[in-house]
Amino acid sequence: MKKSITFLMTLAIVLWVSDVFAQTEAGKLYVSGSTNILAAFGTTKEKFEPKDGDDVEVDGPKFTAFSVSPRVGYFLIDGLAAGIFLDYGYMKMKQEKTEYFSERTTTNSSMVVGPFAKFYFGEGEIKPFAVGSVGFGSSKTKYEGGEEDLLKSSDNETKYKMFNWSLGAGVAIFPTESVSFEFGLAYGSDKTSHEGEDGDSHEIESAFGVRIGIGIFLGN
């Protein structure tokens with residue numbers, strides 16, 4: 001996380017010092033068009049509503065999570081950039097021992113890499129765009145603590161294969177010739193696969209989403 005923030009700050013300083021001006025012409029470098037650096041920290045609550053007796057609300061696990069999604073591309077022709085994206089996410093949930101829960105820590109990390117293509121329409125300061133991507137990767141979930149049978153089990157770490165695709169459209173606003181603020185909608189699907197001793201399992205999730213990002217355009 002700190003390395004990502006340092007990279008973006010350094011890149012901003014380079015842009016300011018070198019006075020680079022470029023937009024979507026062929027031959028320009030496109031950096032972090034949909035960069036999202038998200039971090040979250042907090043706690044959860046669990047509520048029980050028994051048929052007999054009063055409702056009970058207890059503290060659930062505390063969690064820490066962040067994700068980083070940089071993109072780097074190159075304008076092959078005017079308006080069309082193609083390149084590589086990386087999605088990395090991490091989450092840790094720690095449950096303290098209570099009357100209702102045993103002590104347990106769950107961590108999950110995932111990484112997906114793949115190609116993307118993005119096309120900007122028009123030549124003004126406000127440009128509509130369309131974007132698509134396909135990604136391949138893996139994730140790992142690790143369990144520590146919990147019930148006695150979990151502690152004795154060797155299967156306290158589960159690995160998954162991941163595949164996703166996404167299509168989206170939106171609008172980019174250029175306050176300067178080298179920076180854009182981008183707002184869009186996207187539809188995508190994630191497929192997670194696990195190879196187990198009793199057979200393979202697959203989970204597919206599809207959803208619409210809102211994307212807000214910053215684009216940086218480099219060139220001579």
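The values are calculated or read from the model by the stated rules, or taken from the named source; none is laboratory data. Note that the structure is predicted; figures quoted are calculated from it, not measured. Counting neighbours? That spans all protein chains shown, and the Cβs are built from the backbone with ideal geometry, glycine included. Ligands, DNA and RNA are excluded from the accessible area calculation, which covers all protein heavy atoms including side chains. Shrake-Rupley method; radii C 1.70, N 1.55, O 1.52, S 1.80 Å.
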Which of PHE75, TYR120, THR105, positive extreme of dipole for the stretch 64-130 (C-beta unit charges): THR105
Put a dot 7 Å past each Cα toward the Cβ at ALA26 and LYS159; how far apart are the dots in nm? 4.4 nm
Report the full-extension gain for the segment THR64 to THR107: residue separation times 0.36 nm, less the Cα-Cα distance, to one decimal in nm. 14.5 nm
With all protein chains present and a 1.4 Å probe, how do ASP59, ASP190 order by accessible area, largest first? ASP59, ASP190
Sorted by accessible surface (1.4 Å probe, heavy atoms of the protein chains only), largest first, LYS127, LYS45, LYS97 come out as LYS97, LYS45, LYS127
Which whole-Hz couplings ³J(HN,Hα) result when phi for each residue of the stretch 116-126 is put into the Karplus expression 6.51 cos²θ - 1.76 cosθ + 1.60, θ = phi - 60°, listed in order with x for Gly and Pro? 9, 9, 9, 10, 9, 9, x, 10, x, 7, 10
